[in-house]
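I have placed the structure first, in the form of structure tokens, so that the comments after it can refer back to it.
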Amino acid sequence: MSDFLNAYSIQTWLESCPQGYLVDTEYGHKAGEKEPALILENPMLREEAISTTVQLVVGERAALAASSGLINAAPDPASKRFLATQTLDEARHVEVFTQRLYDLGVKKNELEDTIERFASPHLVKFAEILLEKVDKGDFIAGVVGQNIVLEGLAFSVFEMMQMANVEANPRFAHVLSGTIADERRHVGFGENRIGSLIREHPEKKPEIEKMQKEMTYHMLATFADRFRNQGAAIEESRRIAQDAAKDSQAPGKSQVWHGTDLANADPSEMEAVLSDTVLKEFKTRLGRIGLEYQTPARP
Ligand SMILES: [Fe+2]
Ligand SMILES: [Fe+2]
């Protein structure tokens, strides 16, 4: 328990996060870094960037509501303190991705309308299933839903987007790197804290597995929606990248993520590698805490 206390203390959080990898950042990126003109000046790419970022804001708002809501439901002081640090992390994620919407040209008074217009209905439903457990003060289900399912999802999505943006958009890639480092800590907490609680409360398993199955269904449906709508924007950005490559001699960096080349894969291949990666992570992490992954219907 003392290692657990140390790893998830506020002191450790201060040293590794605000005084560590976030030092000298501004909304998660280096000062002065800008969104590429190619995105800002191309209506299709700009709308696509807004739409993608809206999903991130929706997910992070859910994580903020869940982590703050779980503080009072937590059975021990160490978990409460960790969730307090996580609450600030999630509030920061909401802030940096909202700031990206403003930087992409969304007006402050249009923020909520923009989110409502672009939010995937399945992602909204995914968040509602989690927040129902949190509102009931169900700590075990809440932590599995948040720190294993929601954050396992976020972790892989951010990693994939980070890889795809390293060259095309260093500013966004930097914002994502700091967020990935935070999510890694959150997922670790979920695994370390919840395994023993599930062993003490085996009667909770069926209800938690049902929640996981429903959340997974809406996650896969969100992926299907997103990749179906992204085809034209992906082609457009590749056309621009190829034109730019003709003018420069520098070799492009590889964008291979879990065996798929993100620079050349078609949307259905990208959807497949993302779903496979997230589901594999779910199975491993759920197995470690003594739960069996439940396969939903394929949306
Ligand atoms: Fe987050
Ligand atoms: Fe998180």
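Considering region 1-114, its Cα convex hull presents a mean projected area of 8.5 nm². Principal axis extents of the Cα atoms in region 167-283, from largest to smallest and rounded to whole angstrom, are 63, 28, 21.
Carbon-plus-sulfur accessible fraction, the chain (probe radius 1.4 Å, protein heavy atoms only): 53%.
Taking SER67, SER268 and ordering them by how much accessible surface each has at a 1.4 Å probe, largest first, produces SER268, SER67. In this label model, GLU112 and MET44 are separated by 3.4 nm, measuring between points 7 Å along each Cα→Cβ vector. Taken about its Cα centre, the chain carries a charge dipole of roughly 500 debye when the Cβ of each Lys and Arg holds +1 and the Cβ of each Asp and Glu holds -1.
Both the radius of gyration and Dmax for region 39-193 are 15.7, 51 Å, in that order, over alpha-carbon atoms. Listed peptides 288-294, 106-112 appear in the order 288-294, 106-112 once ranked by packing, highest mean of other Cβ atoms within 10 Å at the front.
Among 144-156, 115-127, how do they line up by average Cβ neighbours within 10 Å per residue, starting with the highest?
Details: 144-156: 26.2, 115-127: 17.9.
Result, highest mean Cβ count within 10 Å first: 144-156, 115-127.
I'd like the distance between the alpha-carbon centres of region 88-117 and region 278-299, rounded to an integer number of Å. Answer, in whole Å: 31. Take MET163: with every protein chain present and a 1.4 Å probe, its accessible area is about 50 Å².
Considering only ALA74, LEU104, PRO121, whose Cα is most displaced toward the positive end of the charge dipole of region 41-133, charges sitting on Cβ of Lys, Arg (+1) and Asp, Glu (-1)? So the residue we want is ALA74. Using the Stokes-Einstein relation with a Kirkwood hydrodynamic radius computed over Cα pairs, the translational diffusion coefficient of the chain at 4 °C and a viscosity of 1.567 mPa s comes to 65 µm²/s.
How would you classify region 156-225 from its alpha-carbon gyration tensor, with a ≥ b ≥ c the square roots of the eigenvalues: rounded for a/c under 1.5, else prolate if a/b is greater than b/c, otherwise oblate? Walk me through the intermediate numbers first.
Values: a/c = 5.79, a/b = 1.77, b/c = 3.28.
Oblate, because a/c is 1.5 or more while a/b does not exceed b/c.
In the chain, with Lys and Arg counted as +1 and Asp and Glu as -1 at Cβ, which of these residues, PRO170, GLN55, PRO18, has the Cα nearest the positive end of the dipole, that is, farthest along it? Ranked along the dipole, the leading option is PRO18. Convex hull of alpha carbon positions in region 35-101: directionally averaged projected area 4.5 nm². Dipole size of region 21-116 about its Cα centre, with +1 on Lys/Arg Cβ and -1 on Asp/Glu Cβ: approximately 320 debye, rounded to the nearest 20.
From most to least packed by mean Cβ count within 10 Å, the peptides 273-280, 228-235 give 273-280, 228-235.
Can you check what the net charge comes to around GLY190, using other residues whose Cβ is under 9 Å from the Cβ of GLY190 (Lys, Arg +1; Asp, Glu -1)? Intermediate results must be reported in sequence, preceding the final value.
Details: positive: ARG193, ARG285; negative: GLU151, GLU191.
Summing Lys/Arg as +1 and Asp/Glu as -1 gives 0.
Please give me the summed charge of the neighbours of TRP13: other residues whose Cβ is under 10 Å from its Cβ, Lys and Arg +1, Asp and Glu -1.
On the way: positive: ARG81, ARG185; negative: GLU15, ASP89, ASP182.
Around TRP13, the charge tally is -1.
For TYR21, TYR8, TYR102, the ranking by accessible surface with the largest value first comes to TYR21, TYR102, TYR8, using a 1.4 Å probe. Dipole magnitude for region 136-206: about 160 debye, using +1 per Lys or Arg Cβ and -1 per Asp or Glu Cβ, origin at the Cα centre.
The values are calculated or read from the model by the stated rules, or taken from the named source; none is laboratory data. Treat the numbers as computed from the prediction; the structure is a model and nothing was measured. Positions of Cβ are generated from backbone atoms using ideal geometry, with glycine treated the same way; all protein chains shown enter the neighbour counts. Side chains are part of the model used for accessible areas, which takes the heavy atoms of the whole protein and leaves out ligands, DNA and RNA. Shrake-Rupley method; radii C 1.70, N 1.55, O 1.52, S 1.80 Å.
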